[in-house]
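**Student:** This structure is in structure tokens; I'll ask about it shortly.
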Amino acid sequence: MRDPQSVLQLVVLLLSLVLTLGTFARRLPVPYPIVLVLGGLAMSFVPGLPEAPLGPELIFTIFLPPVLWAAAFESDLRQLRRSAMPIASLAVGLVVVTTIAVAWVAHLTLPGISWSSAFILGAVVSSTDAVAATAVARRLGIPRKLIAQLEGESLLNDASALVLYTAAVTARVTGEFSIQAALGDFVYDAVGGITVGIAVAYLLHFVSRLTRDSVANVALTVLAAYISWIVGEKVGASAVLACVACGLTMRRHFLISGSSATRVQTAEVWELLVFVLNGFIFVLLGLEWPRLAVDLPPGGVRAIALPLMAVCATVILVRLAWLPGMTYGARALVPSIRKGPQPPRGWMLLAGWTGMRGIVTLAAALAVPSVSVTGESLPYRGHIVIISFAVILVTLVLQGLTLAPLIRWLGLKDDGEGARELLLARRTALDASVARLDAIKQSGPSDPQLVEMNRAFYSARQERAQSLDGVDPAVAHASRVALASQRSELIEAQRQAVIALWRAGTITDQTLADAEREIDLEDLMFDARRDGSK
Amino acid sequence: MSETFARVELFVMLLTAMLGLTALARRLLIPYPILLVLGGLALAFIPGVPSLALEPDLVFVVFLPPILWAAAYFTSLREFRRNLRAIGLLAIGLVLITTLVVGWVAHTIIPGISWAAALCLGAIVSPPDAVAATAVLSRIGVPRPVITVLEGESLVNDASALVLYRAAVAAMVSGAFSLGATAGSFVVVAAVGVLVGLAVGWLTRWAVRHMPEGFGQVALTLLAPYVAWVAAERLHASAVLACVAGGIYVRQHFSVEVSPLVRIQARSVWDLVIFLLNGIIFILIGLQLGPLRRTLAPGSIGNVLTWGILITIAATVVRMLWMPLGARLVRLDRGYRERNPLPPARHLIMVGWTAMRGVVSLATALALPLVLADGTPLPYRAEIILVTFVVILATLVVQGLTLAPLARWLGLSADDGSFQQEQRLAREHAAQAAIERLDQVSREEWVPPSLASQVRGHYERRLQRFHPDAVLDPSCSAEQADAQRRLRHEALVAERHALVGLRNRGEISDDVLHDLERELDVEALRQGVGHLTLGPPAAPA
């Protein structure tokens, strides 16, 4: 372990890099992971830069738990359930098929590679990246159902890919492989992981009811990611699924229990945490290149150009072919599916093209052991690492950059379902509060003037919501934006007035902070920027 | 299992213990630093708990920068300026006197200790801790001047104690000491430190202004304390003062440079970071008992305990005596005397008794060099560290637990009304400004008249509420405010249950629920009911 001072300097340096590249990336019409990876790659050629150690343990135990937990916490459970079949076919079926296809191609193109090594490579490159998928899908306007499907797939496929990977690594190190054992592992991993995740979520839910302190509760959510991961590892089940199950379960309970302060703070903290962690992951991914170059087999990249390109092409083509194959196959075989609506062709093409690989692939590749149990060195480790890295780069850059044009070309756009539901939800909420006020008024000894004041407040909003009923969502959104822009003028005026008071020394810093927070919250209440951003 | 995994696991367990102890502290109404230290002590006795030796570097570099920066950020500059002399007297004068007196006591009671080592111990235990003071006082109603002085003191005294500490260590290691050089270095170190802090603060402000709006800005505010710290260390200036100056500077400008969203985000993130750092640091202090026990020579525990208690008493007595003395000392200046009344004795007693030592003392003690210039082991190193540990424990537990009864006994309370007065004034001005701006904007053609009057009505109602004449009877208005909050809460609860119902019936997706829930949450915070958890849905009337 290096001394804290130098570790801190490295972290500060990397964080500055992440911030600079991250803010730069947000201005470009390109998914930010691509900019970060390319930026990291460019930085890796700068001489004198301290080497960032990106070991597989670091990725698996520090970066991955919160990233996966947050992805699960953010995901839309209802949509996941509705798309359970296509998600399962992608997260399990496609992973298995990709692994086999890649193994076969690798065995053909790399002379002398053992089947177990070929299968390791296949498993390593088989799962898509949760972060990359989210970053791309949420930025581009595509139907929400499709987003949910892609996100759901990327949450779950890591687990199945890691099971295959472990089986292949065991086979290579010990020389034994049994399909029953792999299947049994898969079932145990999945069931155990999900059970652990749900159990941890319920336990923490119980603890959070004891503390009631909003900051402590926020800390608890961060801990939840790591606890579910660690317990999952300890019982030998899938830590990935434990983490995902924990995130999904906590999201469900978080809504109803817990205070508003906790929820607002949790949202803010996690947004920053995920931004920073993802930034680190992708920049480190790019920075990793010089260390990987050591693994290059004699003859350099050119010597493995053919297998490299063959594997990349296989990964992309299998995915493109899988979706229509599965959809039409299932419709031909199962009558009940045939009765349902057929997913549009554009969707299948887009989902097939959204196959960016990321950090799990890199971590798994780096974790490939270099010696067997008997101590003999295992060949082709370098090839596996280099080819995996190439698959990450090619899928991220080639597919990531062409997704936006593809979406435009396919004519896909947000179907407006979100906006419609948002209006419905707003109206229902307002109706409920007015009804509750009326009930309070009838039931008890409350100040009628107060009730009237609150009623006036809610009735005004109710009227507004009703006036937007049946209006085109785009028009309704524009009207909200107009209201919000007027509000923001007023909010600016208020803030300036309070700051002037404080400058004059009439109020103290503490009062300024309090008043400012009230004004800020008022602004957030009418913040239209967040609308439709998802 | 890999080493990284084991380390993460240990860290997670530590955090879990910390969260549990803070929750317990809230239940027992004990200031959390005390319970955390005691919990850490207890953990140190459990066999099988890995020993976590605190590295002084880690404390200085990882924990202190954000903690000090945040403490400075929440300091009111107006009050700090007004009490500058009182703060200076405590943070510089009292630190110096405490160092000398403790040094003398240590030299007298610890047989064979050199003057340099004794004074080093004095410097180590001289500064009270910023975090402990804030944590303990926040639960007790104490008048604002008392808090201002205590918080201001604890921001600056670490810097002066560190200068004395370095001089004493240098004297101990090399045998040379110069009073002039120490005083001179104090001035230079302080001035350069403040300049570095201001420069980093200015840079932060510049960068935040030129960055696109978003959490990049929040992350930048987290980075700033570390930059200030590292830069000041590189220039051999006071890193403590750099962080303090930077925090104060950024506070003065954060109001205008960032958007509301970023401010709310920054607040949430900082709250969490500070909560975690403070919690971990106190539990780590307690856990030090494990590694420290092993350094103790057999049979010497009684000695160390006696020395520690005697030194605690000496430091406390010096502080209690210094308070009335210092308060009169500043009044020798006539101008000051005319502007400021003599603070009441109760305030002086309260400030005098609030002197919990904390992490800076422990870290400086642990940072003592192992060997002298000629290579012989540093004499009394283990004793100094252990005595410091005893002083920290004794002040934290004895003073920390008796502060609340003392405040009650002295009849101190938080509220002198001026705070509420200023709050009301701020609200009134804000509403007034909004209405004026509204009248200007309403003339522009994009504003529908109905909308303008609707929004105007909202602000006029608020203006009425905050008008000075509006509050007739304080008790009535407090009741009314309470009722208002309850009503709002009831309405918000109804809204939320309606939304969850829609989601459960599958009429809206989770995404929509998340968006709207945020609106409700922000509104609840705005209405001052953000801390309330949701009750069960009300029965339909």
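**Student:** Determine, yes or no, whether A:SER83 is under 19 Å from the mean Cα position of the chain (by Cα), within 14 Å of chain B (Cβ to nearest Cβ), farther than 19 Å from A:TRP322 by Cβ and in contact (Cβ under 8 Å) with a residue 60 or more places away in the chain.
**Tutor:** no
**Student:** What is the number of the single condition among (1) touching a residue at least 60 places away in the same chain (Cβ under 8 Å); (2) farther than 19 Å from B:GLU517 by Cβ; (3) within 12 Å of another protein chain (Cβ to nearest Cβ) that A:ARG252 does not meet?
**Tutor:** (2)
**Student:** Can I ask one more? Is there a residue being crowded, with 21+ Cβ neighbours inside 10 Å, within 14 Å of chain B (Cβ to nearest Cβ) and among the hydrophobic types (A, V, I, L, M, F, W, C) anywhere in the range A:192-199?
**Tutor:** Within the range A:192-199, not a single residue is crowded, with 21+ Cβ neighbours inside 10 Å, within 14 Å of chain B (Cβ to nearest Cβ) and among the hydrophobic types (A, V, I, L, M, F, W, C).
**Student:** Keeping to the range B:265-292, report how many residues are in contact with a Leu (Cβ under 8 Å, 6 or more places away or on another chain), at the interface with chain A (Cβ under 10 Å from one of its Cβ atoms), buried (at least 23 other Cβ atoms within 10 Å of the Cβ) and among the aliphatic types (A, V, I, L, M).
**Tutor:** Residues that pass the stated criteria total 1.
**Student:** Give the range B:293-315 a look and list any residue that's of a type in the set (A, V, I, L, M), over 30 Å from the mean Cα position of the chain (by Cα) and surrounded by fewer than 14 Cβ atoms within 10 Å (Cβ to Cβ), or say none.
**Tutor:** Selection gives B:ALA297, B:ILE301.
**Student:** Considering the range A:148-160 alone, what residues qualify as being over 21 Å from A:GLY232 (Cβ atoms) and either surrounded by fewer than 23 Cβ atoms within 10 Å (Cβ to Cβ) or more than 13 Å from chain B (Cβ to nearest Cβ) (or both)?
**Tutor:** Of everything in the range A:148-160, those that are over 21 Å from A:GLY232 (Cβ atoms) and either surrounded by fewer than 23 Cβ atoms within 10 Å (Cβ to Cβ) or more than 13 Å from chain B (Cβ to nearest Cβ) (or both) turn out to be A:GLN149, A:LEU150.
**Student:** Hey, another quick one. Under 6 Å by Cβ, and 6 or more places apart or on different chains, what pairs join a residue from the range A:47-69 that is small (Gly, Ala, Ser) with one that is at pLDDT 75 or above?
**Tutor:** A:ALA52/A:LEU284; A:ALA52/A:LEU287
**Student:** Counting just the residues of the range B:496-507 that are in a loop (DSSP other than H, G, I, E, B) and facing chain A (nearest Cβ under 7 Å), which one comes out surrounded by the fewest Cβ atoms within 10 Å (Cβ to Cβ)? Before you say what the answer is, go through the steps one by one.
**Tutor:** At the first step, the residues of the range B:496-507 found to be in a loop (DSSP other than H, G, I, E, B) are B:505-507.
Restricting the remaining residues to those that are facing chain A (nearest Cβ under 7 Å) gives B:506-507.
Details: B:GLY506: 10, B:GLU507: 14.
The selected residue is B:GLY506.
**Student:** Could I ask something else about it? Considering each of A:ALA216, A:ALA224 in turn, give the residue that is under 20 Å from the mean Cα position of the chain (by Cα) and within 18 Å of B:GLY20 (Cβ to Cβ). Can you show your working first?
**Tutor:** Numbers: A:ALA216 fails: under 20 Å from the mean Cα position of the chain (by Cα).
The unique qualifying residue is A:ALA224.
**Student:** Filter the range B:46-73 down to the residues that are in contact (Cβ under 8 Å) with a residue 24 or more places away in the chain and out of contact with any helix residue (DSSP H, G or I) (no Cβ under 7 Å at 6 or more places or on another chain) and list them by number.
**Tutor:** B:LEU64
**Student:** Now for a separate question. What number of residues within the range A:117-145 satisfy the criterion of being part of a helix (DSSP H, G or I), surrounded by fewer than 24 Cβ atoms within 10 Å (Cβ to Cβ) and modelled with pLDDT of 75 or more?
**Tutor:** 2
**Student:** Can you give me the number of residues within the range B:104-158 that are in a helix (DSSP H, G or I) and without any contact (Cβ under 8 Å) to a residue 60 or more places away in the chain? Walk me through it before giving the result.
**Tutor:** Residues of the range B:104-158 that are in a helix (DSSP H, G or I), as a first pass: B:104-109, B:115-125, B:130-137, B:144-158.
Restricting the remaining residues to those that are without any contact (Cβ under 8 Å) to a residue 60 or more places away in the chain gives B:104, B:107-108, B:115, B:118-119, B:122, B:147.
Qualifying residue count, the range B:104-158: 8.
**Student:** Any residue in the range A:1-20 that's more than 10 Å from every other protein chain (Cβ to nearest Cβ): show its pairings with residues that are surrounded by 15 or more Cβ atoms within 10 Å (Cβ to Cβ) and modelled with pLDDT of 80 or more at Cβ separation under 6 Å, as long as the two are six or more apart or on different chains.
**Tutor:** Partner pairs satisfying both residue conditions: A:LEU17/A:VAL283.
**Student:** Let me ask something else about it. Which members of the range B:6-38 meet the condition of being free of Cβ contacts under 8 Å to residues at least 40 places away in the same chain and either surrounded by 18 or more Cβ atoms within 10 Å (Cβ to Cβ) or basic (Lys, Arg) (or both)?
**Tutor:** Selection gives B:ARG7, B:VAL8, B:GLU9, B:VAL12, B:ALA23, B:ALA25, B:ARG26, B:ARG27, B:LEU35.
**Student:** Determine which member of the set A:ILE100, A:ILE113 is surrounded by fewer than 24 Cβ atoms within 10 Å (Cβ to Cβ) and assigned to a loop (DSSP other than H, G, I, E, B).
**Tutor:** Among A:ILE100, A:ILE113, only A:ILE113 is surrounded by fewer than 24 Cβ atoms within 10 Å (Cβ to Cβ) and assigned to a loop (DSSP other than H, G, I, E, B).
**Student:** When only residues in the range B:454-464 that are over 34 Å from the mean Cα position of the chain (by Cα) and within 24 Å of A:LYS441 (Cβ to Cβ) count, which is modelled with the highest pLDDT?
**Tutor:** Among those residues, the one meeting the criterion is B:GLU460.
**Student:** Scan A:VAL46, A:VAL12 and give me the residue that is out of contact with any His (no Cβ under 6 Å at 6 or more places or on another chain), β-branched (Val, Ile, Thr), outside any helix (DSSP H, G or I) and more than 27 Å from A:GLY152 (Cα to Cα).
**Tutor:** Criteria check complete, one pass: A:VAL46.
**Student:** Among the residues of the range A:174-183, is there at least one that is at negative phi, surrounded by 16 or more Cβ atoms within 10 Å (Cβ to Cβ) and modelled with pLDDT under 80?
**Tutor:** yes
**Student:** Next question. Kindly provide the set of residues from the range B:169-214 that are part of a helix (DSSP H, G or I) and under 21 Å from B:ALA373 (Cα atoms), ordered by number.
**Tutor:** Hits for the range B:169-214 are B:VAL169, B:ALA170, B:ALA171, B:MET172, B:VAL173, B:SER174, B:LEU179, B:ALA181, B:THR182.
**Student:** Would you mind stating whether A:VAL163 is at pLDDT below 85, more than 12 Å from chain B (Cβ to nearest Cβ), assigned to a helix (DSSP H, G or I) and crowded, with 21+ Cβ neighbours inside 10 Å?
**Tutor:** On the way: at pLDDT below 85: yes; more than 12 Å from chain B (Cβ to nearest Cβ): yes; assigned to a helix (DSSP H, G or I): yes; crowded, with 21+ Cβ neighbours inside 10 Å: yes.
It is true that A:VAL163 is at pLDDT below 85, more than 12 Å from chain B (Cβ to nearest Cβ), assigned to a helix (DSSP H, G or I) and crowded, with 21+ Cβ neighbours inside 10 Å.
**Student:** Can you report the number of residues in the range B:350-381 which are more than 16 Å from B:GLN288 (Cβ to Cβ) and over 19 Å from the mean Cα position of the chain (by Cα)?
**Tutor:** Qualifying residue count for the region: 12.
**Student:** From B:VAL218, B:VAL230, B:VAL256, which residue is at pLDDT below 90, over 18 Å from the mean Cα position of the chain (by Cα), within 9 Å of chain A (Cβ to nearest Cβ) and surrounded by 24 or more Cβ atoms within 10 Å (Cβ to Cβ)?
**Tutor:** B:VAL218
**Student:** Out of all the residues in the range B:397-412, is one or more in a loop (DSSP other than H, G, I, E, B) and surrounded by fewer than 13 Cβ atoms within 10 Å (Cβ to Cβ)? Let's see the steps before the verdict.
**Tutor:** Of all residues in the range B:397-412, those in a loop (DSSP other than H, G, I, E, B) come to B:411-412.
Those still in the list that are surrounded by fewer than 13 Cβ atoms within 10 Å (Cβ to Cβ) too: B:411.
Looking for residues that are in a loop (DSSP other than H, G, I, E, B) and surrounded by fewer than 13 Cβ atoms within 10 Å (Cβ to Cβ), one finds at least one in the range B:397-412, hence yes.
**Student:** Please indicate, with yes or no, whether at least one residue in the range B:479-495 is at the interface with chain A (Cβ under 7 Å from one of its Cβ atoms), surrounded by fewer than 21 Cβ atoms within 10 Å (Cβ to Cβ), at pLDDT 75 or above and part of a helix (DSSP H, G or I).
**Tutor:** yes
**Student:** For the range B:48-55, indicate whether the set of residues that are farther than 17 Å from B:GLY279 by Cβ, in a helix (DSSP H, G or I) and acidic (Asp, Glu) is non-empty.
**Tutor:** No, the range B:48-55 contains no residue that is farther than 17 Å from B:GLY279 by Cβ, in a helix (DSSP H, G or I) and acidic (Asp, Glu).
**Student:** Name the residue, out of A:LEU49, A:LEU68, A:LEU58, A:LEU38, that is more than 14 Å from every other protein chain (Cβ to nearest Cβ), touching a helix residue (DSSP H, G or I) at 6+ places or on another chain (Cβ under 7 Å) and modelled with pLDDT under 80. First the steps, then the outcome.
**Tutor:** Working: A:LEU68 fails: modelled with pLDDT under 80; A:LEU58 fails: more than 14 Å from every other protein chain (Cβ to nearest Cβ); A:LEU38 fails: modelled with pLDDT under 80.
None of the others qualify; the one that does is A:LEU49.
**Student:** Okay, next question. Listed residues B:VAL59, B:VAL49; which is over 30 Å from B:ALA327 (Cβ atoms) and within 14 Å of another protein chain (Cβ to nearest Cβ)? Even if it seems obvious, please write down each step before you answer.
**Tutor:** Working: B:VAL49 fails: within 14 Å of another protein chain (Cβ to nearest Cβ).
When all the criteria are applied, what remains is B:VAL59.
**Student:** Restricting the search to the range B:190-205, which residues are away from chain A (no Cβ under 14 Å) and at pLDDT 90 or above?
**Tutor:** Answer for the range B:190-205, where residues must be away from chain A (no Cβ under 14 Å) and at pLDDT 90 or above: B:ALA191, B:VAL192, B:GLY193, B:VAL194, B:LEU195, B:VAL196, B:GLY197, B:LEU198, B:ALA199, B:GLY201, B:TRP202, B:ARG205.
The values are calculated or read from the model by the stated rules, or taken from the named source; none is laboratory data. From a predicted model like this one, the values you see are computed outputs, not experimental measurements. Neighbour counts run over all protein chains shown; Cβ positions are idealised from the backbone, glycine included.
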